[in-house]
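For reference, the structure discussed in these notes is given below.
The values are calculated or read from the model by the stated rules, or taken from the named source; none is laboratory data. Just so it is clear, the model here is predicted, and its values are computed rather than measured. Counting neighbours? That spans all protein chains shown, and the Cβs are built from the backbone with ideal geometry, glycine included.
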Amino acid sequence: MRRYGDIKYWEEHYKNVEEDTFDWLEEYPSLKETISSLKISKESGKILNVGCGNSELSENMYDDGYHNIYNIDISNTVINIMTERSKNRPGMIYEVMDVCDIKYDNNLFDLVIDKSTMDALLCGDDYCITISKMLKEIQRVLKVGGYYMIISYEEPDFRIMHLKRKFLKFNVKIIKIEQNTVGGTLYDNYHYIYLCKKLEGADEVSEKFFDETIKELIEQEELEEEDEWQEEKEYKENKNQK
């Protein structure tokens, strides 16, 4: 499996990538109607694109009138590339930043866009803990009533569990996007938008339950590792007995 959750993978990728831009999953035209429905002011609304990579999404949104867009990525290489590309778009910001440690103020953004960033982090080590840290930060920087918009290839059974942790307080709406694909896997046939609206009291819930959730996830991982070790031990013992 490619190490999509590893910064070294992305630095190497963007140093060697041939195409100027690349959009995972959906492009702006297929997302425009949903974004427009959120009624975010093009003049004053603040938007954060996490794990922006070299996607054209923010550029397309800027050219459509959204002029307060912040873009973050862990790859210094891609941030330099995209900063240079957008030097004639005043107000378009690109910064090197870890989505698990966002350096912006609380309750700042009207919209946070995650186009397959969660998908990538789920390929890393200790992914449940990493995703929880990311979600805590995204909820923190969102305004109450603001939206966290996830675009993912994965169906709800494998995403909602992360969005329903007890330190989060989102109202989640799921939009299913059918692909013009014949045959192929389930991933080829559908993409999903998870539209998460931050509710009143979210910051207080996060403060109260985040540490407890992380502790529970660590304990769960330790139990799973112990089970895997025991299964491997039993397998070797059975193999030696034959």
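Restrict the check to the range 77-91 and report whether at least one residue is in contact (Cβ under 8 Å) with a residue 40 or more places away in the chain and surrounded by fewer than 16 Cβ atoms within 10 Å (Cβ to Cβ).
No, that holds for no residue.
Residue by residue, here is whether (1) at pLDDT 95 or above; (2) surrounded by fewer than 18 Cβ atoms within 10 Å (Cβ to Cβ); (3) out of contact with any helix residue (DSSP H, G or I) (no Cβ under 9 Å at 6 or more places or on another chain) holds:
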| position | (1), (2), (3) |
| --- | --- |
| LYS103 | yes, yes, yes |
| ASN106 | yes, yes, no |
| VAL112 | yes, no, no |
| ASP126 | no, yes, no |
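If TYR14 passes every condition in (1) more than 25 Å from ASP125 (Cα to Cα); (2) crowded, with 17+ Cβ neighbours inside 10 Å but one, which one does it miss?
So TYR14 meets the others, but not (1).
What are the residues in the range 177-208 that are over 17 Å from the mean Cα position of the chain (by Cα) and at pLDDT 95 or above, if any?
LEU199, GLU200, GLY201, ALA202, ASP203, GLU204, VAL205, SER206, GLU207, LYS208
So is TYR94 more than 30 Å from GLU221 (Cβ to Cβ), part of a strand (DSSP E or B) and not aliphatic (A, V, I, L, M) or not? Explain how you work it out, then say what you get.
On the way: more than 30 Å from GLU221 (Cβ to Cβ): yes; part of a strand (DSSP E or B): yes; not aliphatic (A, V, I, L, M): yes.
Considered against the rule, which asks whether it is more than 30 Å from GLU221 (Cβ to Cβ), part of a strand (DSSP E or B) and not aliphatic (A, V, I, L, M), TYR94 comes out as yes.
Could you list, ordered by first residue, the pairs with Cβ atoms under 6 Å in which the first is in the range 125-144 and farther than 28 Å from GLY45 by Cβ and the second is buried (at least 19 other Cβ atoms within 10 Å of the Cβ) and modelled with pLDDT of 95 or more, at least 6 apart or interchain?
Pairs that qualify, where the first residue is farther than 28 Å from GLY45 by Cβ and the partner is buried (at least 19 other Cβ atoms within 10 Å of the Cβ) and modelled with pLDDT of 95 or more: there are none.
For the range 69-81, give me the residue count where each residue is modelled with pLDDT of 95 or more and farther than 21 Å from ASP101 by Cα.
Total satisfying the criteria: 0.
From LEU48, LEU57, grab the single residue that is closer than 20 Å to LYS197 by Cα and either without any contact (Cβ under 8 Å) to a residue 40 or more places away in the chain or buried (at least 20 other Cβ atoms within 10 Å of the Cβ) (or both). Let's see the steps before the verdict.
Details: LEU57 fails: closer than 20 Å to LYS197 by Cα.
Checking each option against the conditions leaves just LEU48.
Of GLU12, GLU33, GLU59, GLU26, which residue is under 19 Å from the mean Cα position of the chain (by Cα) and in a helix (DSSP H, G or I)?
Numbers: GLU12 fails: under 19 Å from the mean Cα position of the chain (by Cα); GLU33 fails: under 19 Å from the mean Cα position of the chain (by Cα); GLU26 fails: in a helix (DSSP H, G or I).
Just one listed residue meets the conditions, GLU59.
Looking at GLU154, GLU95, can you tell me which residue is surrounded by fewer than 17 Cβ atoms within 10 Å (Cβ to Cβ) and either at pLDDT 95 or above or under 23 Å from LEU31 (Cβ atoms) (or both)?
Numbers: GLU154 fails: surrounded by fewer than 17 Cβ atoms within 10 Å (Cβ to Cβ).
Of the residues listed, the single one that is surrounded by fewer than 17 Cβ atoms within 10 Å (Cβ to Cβ) and either at pLDDT 95 or above or under 23 Å from LEU31 (Cβ atoms) (or both) is GLU95.
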